[in-house]
Amino acid sequence: MIIWHNPRCSKSRETLKLLQERGVTPVERRYLEDAPSLDELRAARDALGVSAVQMMRIKENRFAELGLSKDDEDETLLCAMAENPVLIERPIVFAAGRAAIGRPPEAVLAIL
């Protein structure tokens, strides 16, 4: 199990704690320091079963600074996330080919 984690984010910390309380010790990937590649972001989108915009922090200042729109093509948004990992919604947990965004943290329990 892997968690794309930002320790400064309360939801990310809560999700990690929830997993640990259930005896799971995921590999922590601090995605702001170790940004996912474009291919990894495509794979994450597919595992989540969502559009690119649904895995983005659209209220993040960088989204507006880049002139992005919720109506942009997935590939445009994925490229923006690859170049600006702050745009990636957090946390994302991956397990056995499945993924879930920890908003709320309990949402990741469905993939355990």
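Identify, from the list P104, P91, the residue that is crowded, with 18+ Cβ neighbours inside 10 Å and touching a residue at least 60 places away in the same chain (Cβ under 8 Å).
Every option except P91 fails the conditions.
Please specify each residue of the range 53-72 satisfying the condition of being of a type outside the set (S, T, N, Q) and farther than 23 Å from P7 by Cα. Break it down into steps so the answer makes sense when it comes.
The first filter runs over the range 53-72 and keeps only residues of a type outside the set (S, T, N, Q), leaving 53, 55-60, 62-68, 70-72.
Answer for the range 53-72, where residues must be of a type outside the set (S, T, N, Q) and farther than 23 Å from P7 by Cα: A64, E65, L66, G67, L68, K70, D71, D72.
Tell me, yes or no, whether the range 35-58 has at least one residue that is closer than 11 Å to R90 by Cβ, among the polar types (S, T, N, Q) and over 11 Å from the mean Cα position of the chain (by Cα). Walk me through how you get there before you give the answer.
At the first step, the residues of the range 35-58 found to be closer than 11 Å to R90 by Cβ are 55-57.
Narrowing the set further to residues that are among the polar types (S, T, N, Q) leaves none.
Looking for residues that are closer than 11 Å to R90 by Cβ, among the polar types (S, T, N, Q) and over 11 Å from the mean Cα position of the chain (by Cα), one finds none in the range 35-58, hence no.
Restricting attention to the range 17-33, does a residue exist that is outside any strand (DSSP E or B), among the polar types (S, T, N, Q) and buried (at least 18 other Cβ atoms within 10 Å of the Cβ)? I'd like the intermediate steps shown before the answer.
So the first thing to find is which residues in the range 17-33 are outside any strand (DSSP E or B), and the list is 17-26, 30-33.
Pick out the ones that are also among the polar types (S, T, N, Q) and you get 20, 25.
Those left that are additionally buried (at least 18 other Cβ atoms within 10 Å of the Cβ): none.
No: the range 17-33 contains no residue that is outside any strand (DSSP E or B), among the polar types (S, T, N, Q) and buried (at least 18 other Cβ atoms within 10 Å of the Cβ).
Take the conditions modelled with pLDDT of 95 or more and touching a helix residue (DSSP H, G or I) at 6+ places or on another chain (Cβ under 7 Å) and apply them to A43. Does it pass?
So A43 fails the test.
Being in a helix (DSSP H, G or I) and hydrophobic (A, V, I, L, M, F, W, C) is the filter here, so list the residues in the range 89-112 that pass it.
Those that are in a helix (DSSP H, G or I) and hydrophobic (A, V, I, L, M, F, W, C): A107, V108, L109, A110, I111.
Return the total of residues in the range 48-88 being loosely packed, with under 15 Cβ neighbours inside 10 Å, of a type in the set (A, V, I, L, M, F, W, C) and either in a helix (DSSP H, G or I) or in contact (Cβ under 8 Å) with a residue 60 or more places away in the chain (or both).
Selection size over the range 48-88: 1.
Which of the residues that make up the range 5-47 are in contact (Cβ under 8 Å) with a residue 40 or more places away in the chain, among the aliphatic types (A, V, I, L, M) and closer than 20 Å to I111 by Cα?
Listed by number, the residues that qualify are L16, L18, L19, V24, L41, A44, A47.
The values are calculated or read from the model by the stated rules, or taken from the named source; none is laboratory data. Computed from a predicted model, the values in this text were never measured in an experiment. For neighbour counting, all protein chains shown are included, and Cβ atoms are generated from backbone atoms with ideal geometry for every residue, glycine included.
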